[in-house]
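The values are calculated or read from the model by the stated rules, or taken from the named source; none is laboratory data. No experiment lies behind these values; they were computed from the predicted model shown. Neighbour counts are summed over all protein chains in view; Cβ atoms, including those assigned to glycine, are modelled from backbone coordinates with ideal geometry. SASA here: full protein model, heavy atoms, side chains in, ligands and nucleic acids out. Shrake-Rupley method; radii C 1.70, N 1.55, O 1.52, S 1.80 Å.
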Amino acid sequence: MTDTLTTRLAEFVKTQNIEVDPDFSLHHSGVHSVVNCVFSAQARFKTVVEPLLNRLHADLPDIPELTFSEFILRVDAVGSERYASDVLKNRQKLSGRLKVEVARDVADFFVRHRVQTTADFQCLDDDAAETLMLRDLAPEVRGIGPTLAHYLLWLMGREDHVKVDSMLIRLFSRLDDHPLRLGHEGDRQRVTRAIREVAMQLDTTPARLDNALWQHESRGGSLAS
């Protein structure tokens, strides 16, 4: 039987005229995907993350050939403190550490698992990719939890995944009969399942619908009266 959350999401998308961004695109490089993921935690994308990614692009262009090793060498050459201050101009922290340190450790994680680029990651089969990202990453890198791991998975090209964060939990709590809880596995699975099913109805990917819903909510979207 179809979960009422799926039905309500389909109605919500229709009544709110939510459309997938035709210009939606992922980063060319894994480095930019990782930096996006880490710096998006507890930060506004438009005012914080987007300008930071532009500064990163000026130092390390977002091209498919950019490797995680190059990013590590660049950070290590000046030190994480100076790279945060002088290049990224952002000293935000995650789990008590500079976010650039977390990003560097994620890059090192990929290098140790023989992944240097997004193309390398996309060569992995589904099981290997999910195991690497959803089972192995968080225990090895302090600051990366399940939500960021799922987000990074689709930033790296697995668009069947959904980033269930506080923004989506807030939206789906309005759609459901009771508040959903961030970090509750059952609630995360319901949200993921609803987005996947509605994305299929719309002939798009879960990641793209996720992005459209997130953008709507971030603009202060609400249920139609």
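Within the stretch 126-146, being assigned to a helix (DSSP H, G or I), open to solvent by 40 Å² or more (accessible area, probe 1.4 Å) and either among the acidic types (Asp, Glu) or touching a residue at least 12 places away in the same chain (Cβ under 8 Å) (or both) holds for Asp126, Asp127, Glu130, Leu134, Glu140, Pro146. Could you check, for the stretch 149-157, whether at least one of its residues is assigned to a helix (DSSP H, G or I) and open to solvent by 60 Å² or more (accessible area, probe 1.4 Å)? Checked the stretch 149-157: no residue is assigned to a helix (DSSP H, G or I) and open to solvent by 60 Å² or more (accessible area, probe 1.4 Å). State which residue is farthest from Cys37 (Cα to Cα) when the search covers only the stretch 109-125 and only residues that are assigned to a helix (DSSP H, G or I) and open to solvent by less than 50 Å² (accessible area, probe 1.4 Å). Looking at the filtered set, the residue picked out is Val111. Here the condition is being over 18 Å from Leu155 (Cα atoms) and touching a residue at least 40 places away in the same chain (Cβ under 8 Å); of Val13, Val111, Val20, it holds for Val13 alone.
Among the residues of the stretch 19-47, just one is more than 19 Å from His161 (Cα to Cα), assigned to a loop (DSSP other than H, G, I, E, B) and open to solvent by less than 90 Å² (accessible area, probe 1.4 Å), namely Ala43. Taking each residue of the stretch 147-164 that is in contact (Cβ under 8 Å) with a residue 40 or more places away in the chain and looking for partners that are among the charged types (D, E, K, R) and in a loop (DSSP other than H, G, I, E, B) with beta-carbon atoms closer than 7 Å, six or more apart or interchain, yields Tyr151/Lys163; Trp154/Lys163. Of all residues in the stretch 48-60, those that are free of Cβ contacts under 8 Å to residues at least 24 places away in the same chain and open to solvent by 60 Å² or more (accessible area, probe 1.4 Å) total 3. In this structure, Glu65 does satisfy being more than 17 Å from Tyr151 (Cβ to Cβ), open to solvent by 60 Å² or more (accessible area, probe 1.4 Å) and in contact (Cβ under 8 Å) with a residue 40 or more places away in the chain.
Would you confirm whether or not the stretch 205-216 contains a residue that is open to solvent by 60 Å² or more (accessible area, probe 1.4 Å) and either touching a His at 6+ places or on another chain (Cβ under 7 Å) or closer than 29 Å to Val100 by Cβ (or both)?
Of the stretch 205-216, the ones open to solvent by 60 Å² or more (accessible area, probe 1.4 Å) are 208.
Filter once more, keeping what is either touching a His at 6+ places or on another chain (Cβ under 7 Å) or closer than 29 Å to Val100 by Cβ (or both): 208.
So far as the stretch 205-216 goes, yes, one or more of its residues are open to solvent by 60 Å² or more (accessible area, probe 1.4 Å) and either touching a His at 6+ places or on another chain (Cβ under 7 Å) or closer than 29 Å to Val100 by Cβ (or both).
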